[in-house]
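Engineer: Here's a structure for you.
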């Protein structure tokens, strides 16, 4: 395999957002970094299958997403009988990035179905287009759109933002 | 007949505000991690696995 400077720079440039995506998926910085580590190792071992000129970020996100999927399924099988410890580990934020202001959102995200969570983060935070997100998740563009919409509705309900107080606050804030 | 329209208008505005707020929070949470940059362990990993940086074959003349 060969790794030219341009490719290496493109990989390194993607690492910060790759980590942010991983944290959004697993809700835990330590596990997220392990996931990024596995993703990079796998990507570098298969760098020949990356087509130069195509989107490096989308390629790495796809690897990470698939890695998370297979690991998540494995873990869930392992802890299925262990009194919901997995559900807890998904929702309990570790100390090192327990920014209180994001706690509510983090917990609400963890309660979303995985399909909806990844679609919302890819489109709403990572800045991928619906088409790119569909490629990363291996599904149709329409499917991504409906997952993002359901995720937004679902989050609004979970965070009980749909009340009048919030509406006034939102208006006041956006006017400032 | 104006009242129902206003109610619907308020609801639509409420929904927009809610969605804007969720979007803002989501991006803020995400960018909080992005701004941490590239941790050393990953910079080292990429450098280590890069064959052009291993001493097994000379990459430049001395």
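Engineer: For the pair residue A:69 and residue A:49, what calculated FRET efficiency results from E = 1/(1 + (r/R0)^6), where r is the Cβ-Cβ distance and R0 = 25 Å, to the nearest 0.05?
Structural biologist: 0.85
Engineer: Using the beta-carbon distance between residue B:43 and residue A:158 and R0 = 45 Å, what value does 1/(1 + (r/R0)^6) give for FRET efficiency, to the nearest 0.05?
Structural biologist: That gives a FRET efficiency of 0.75.
Engineer: With label points built 7 Å along Cα→Cβ from the Cα atoms of residue A:145 and residue A:38, find their separation and express it in nm.
Structural biologist: For the pair residue A:145/residue A:38, the computed spacing is 3.4 nm.
Engineer: Pulled fully out, how much extra length does the chain show between residue A:114 and residue A:129, if you take 0.36 nm times their separation in residues and subtract their Cα-Cα distance?
Structural biologist: Using 0.36 nm per residue and subtracting the Cα-Cα distance, I get 3.5 nm.
Engineer: Please give the average number of partner chain Cβ atoms lying within 10 Å of the Cβ of each residue in A:130-140, rounded to a whole number.
Structural biologist: 0
Engineer: Zone of residue B:32 (label point 7 Å along Cα→Cβ, backbone N under 13 Å): which residues in region A:102-133?
Structural biologist: Counting only backbone N, you get A:102-109.
Computed from the coordinates by the stated procedures, all read-outs in this text should not be read as laboratory data. Bear in mind that the values here come from a model prediction, so they are computed numbers and not experimental data. Cβ: placed from backbone, ideal geometry, glycine included. Neighbour counts: every protein chain shown.
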